1. Select from the range 68-86 the residues that are of a type in the set (A, V, I, L, M, F, W, C) and free of Cβ contacts under 8 Å to residues at least 60 places away in the same chain and list them in ascending order.
2. Evaluate the range 64-80: report whether one residue or more is of a type in the set (A, V, I, L, M) and over 27 Å from Arg320 (Cβ atoms).
3. Out of Asp116, Asp92, I need the residue that is surrounded by fewer than 21 Cβ atoms within 10 Å (Cβ to Cβ) and either touching a Leu at 6+ places or on another chain (Cβ under 6 Å) or without any contact (Cβ under 8 Å) to a residue 12 or more places away in the chain (or both). Which one?
4. Is there any pair linking a residue in the range 209-220 that is under 10 Å from Phe138 (Cβ atoms) to one that is in a helix (DSSP H, G or I) and basic (Lys, Arg), with Cβ under 8 Å and at least six apart or on different chains, and which?
5. Just to check your reading of the model, which residue among Phe104, Phe143 is over 21 Å from the mean Cα position of the chain (by Cα), surrounded by 20 or more Cβ atoms within 10 Å (Cβ to Cβ) and not in a loop (DSSP other than H, G, I, E, B)?
6. Output the number of the condition that Val332 fails; it satisfies all remaining conditions of (1) in a helix (DSSP H, G or I); (2) of a type in the set (Val, Ile, Thr); (3) modelled with pLDDT under 75.
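The values are calculated or read from the model by the stated rules, or taken from the named source; none is laboratory data. Please read all numbers here as calculations on a predicted model, not as lab measurements. Here the Cβ positions follow ideal geometry from the backbone for every residue, glycine too, while neighbour counts run over all protein chains shown.
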Amino acid sequence: MEPGRNCTVENLTSVNCTAWNVTTAPPLPSLPLIFGTAFPENVPQAAYLLVVLTLCLLGNTAVIGTVWLDERLHEPPNLLLSGLCVADILYDLLVVPVMLNVLFTRHYTFGQTACDIMAFFHILCTFFSMMMTGAISFERYHFICHPMQYHSKFTGRRIWGLLLVCLTGALLTACCTLPFLRSEPPFFYSAPMYCVSHAIVSGVVGWLFFMAAGSLATYSQVRIYLEARRHLRAIQAGNISGDSAEDIRKKIKSAVTTTAVVAIWWLSEFPLITVETIRVTAPHTTSVSWQVAHRVSRFAYFISTCSNPIVFAFRNRQFRHAFKKLLRPRAVHSFN
């Protein structure tokens, strides 16, 4: 394939190119029909992407709006979750339309500048989500395991500072990869239907960030589980009762919610980051199983971008009440 071409995907068996400034991946072998880009194989894939995008936009926007409009929800975990929701919205708005464009038109028509922009924001959103997941787990760890120190450590100002640190770290990481993006032009890979950079530095840094955030989140969840188990045994033994027992049950419930978010993040992020890391180290791998894994991992990652609001809403009664209150029209009082 020659650089500087616009790519037409022929049902993932070949890539035809016309004039544009983008490098294309090597020709691909035949894939199962379900992963094709021609009608009707593209219908279930497009339907899945549209459902994911709709759930992501509606769910995350509902969480952000409810948290910001209801002062009772201005708590550290809710503010951190709002930051994660913003990253999920930006990621889906960036990636899903490109994939839908390829499915419907079987063309990639954006060029190298758009590839650079998409690669930059892909790294930014992914790394910010990783850091926010670790931050949320770390906050819940202190809330459950160190309640006496929690309110002095996690003040409103420090939560904003934590959000700023996560955003700055993600921005710096994305900016540091820009020279490598330009030196190694992005490829259009028809398997994930997404234009990404194959610069090895982005894959290595992404893996390191993922392992760091994942280790912090997993460590926090294990410590929370052990602490919750100790408290439950104390409640069952009658050593803790009354308001203290009810308060501990509420804390454990919030910890279970965080655990569900972290588990979904692990299950959806790990396949994608693994496939992406292998891709940058062996960019010319084109086996059928490899291409299927590439697309499936990309599709699976979208689950985490729309599932957090659903988990949060079902597990948080205060959020549900606040959301219903916002939707309910205010009563009009008459003074006649």
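1. Within the range 68-86, the subset of a type in the set (A, V, I, L, M, F, W, C) is 68-69, 73, 79-81, 84-86.
Result: Trp68, Val86.
2. For the range 64-80, residues of a type in the set (A, V, I, L, M) and over 27 Å from Arg320 (Cβ atoms): absent.
3. Asp116
4. Ser220/Arg140
5. Values: Phe104 fails: surrounded by 20 or more Cβ atoms within 10 Å (Cβ to Cβ).
Just a single option satisfies the conditions, and that option is Phe143.
6. Failing condition for Val332: (1).
For (1) over 24 Å from Gly161 (Cα atoms); (2) of a type in the set (Phe, Trp, Tyr); (3) at pLDDT 80 or above; (4) in contact with a Leu (Cβ under 8 Å, 6 or more places away or on another chain), each residue gets a yes or a no:
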position	(1), (2), (3), (4)
Met1	yes, no, no, no
Gly4	yes, no, no, no
Thr8	yes, no, no, no
Val15	yes, no, no, yes
Val22	yes, no, no, no
Ala25	yes, no, no, no
Leu28	yes, no, no, yes
Val86	no, no, yes, no
